[in-house]
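Below: the structure, in structure tokens.
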Amino acid sequence: MYFPSKRDAWLGFVVWFSTTGPLVVFLWKSIWFAVLIMIPVVTFTGWLWFRTGYTVTESELRVQCGPFLWVIPLGKIRKIRRTRNLVSSAALSLDRLEIRYGKYNNLIWISPINEDVFLDLLRKSCPQADITR
């Protein structure tokens, strides 16, 4: 089952204003700088913004954030809790879930749009995990 990332409006404004604003300025001043630097930056930002989501299969949680992919076996998930951590992550909202997994207690933060449905699915799929509301 696929869960797109929640998107905070304020974060969208900051991200898109900070990338498209300079693009407009550089298009006006220097077309070459815009083409070589700013257009790839805006394209990469769009890739992250529109391709961040989470897929739960029978055996794994797949976290996709633009070109980046994390594959977490469901049997390795140890703990899931809500957080508002500001650390950079595969989440487009501050309403996040912190997932601890693996032998070395790895961490990833995600923000699925239907958080309650997502947590219910993981409760069924990961009986060994400590999942707090």
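The values are calculated or read from the model by the stated rules, or taken from the named source; none is laboratory data. Keep in mind that this is a model prediction, so the values were computed, not measured. Glycine also receives a Cβ, built like all others from the backbone with ideal geometry; neighbour counts cover every protein chain displayed. Areas reflect the complete protein model, heavy atoms only, side chains present, ligands, DNA and RNA absent. Shrake-Rupley method; radii C 1.70, N 1.55, O 1.52, S 1.80 Å.
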Problem - DSSP bridge orientation in the chain - percent antiparallel, rounded to nearest 5 - result: 85
Practice task
Would you look at the GNM of the chain, springs on alpha carbons closer than 10 Å, and say which of 117, 63, 35 moves the most?
Solution key: 35
Exercise for the section: Any chance you could give the angle, 0 to 90 degrees and rounded to 10, that helix 115-125 forms with the longest Cα principal axis of the chain? Expected result: 40
Handout entry: Angle in degrees between helix 9-29 and the longest Cα principal axis of the chain, rounded to the nearest 10
Key = 20
Fill in the blank from the handout: Computed for the chain: size of charge dipole around the Cα centre, +1 on C-beta of each Lys and Arg, -1 on C-beta of each Asp and Glu, debye to nearest 20, value 320
Exercise for the section: Once you've got the GNM for the chain with C-alpha springs shorter than 10 Å, pick whichever of 18, 111, 30 has the biggest mean-square fluctuation. Expected result: 30
Problem - Solvent-accessible area, 1.4 Å probe, carbon plus sulfur percent, for region 5-133 - result: 64
Problem - Helix-only [θ]222 nm of the chain, DSSP H runs n ≥ 4, -39500 (n - 2.57) each, per residue, nearest 500 - result: -11000 deg cm²/dmol
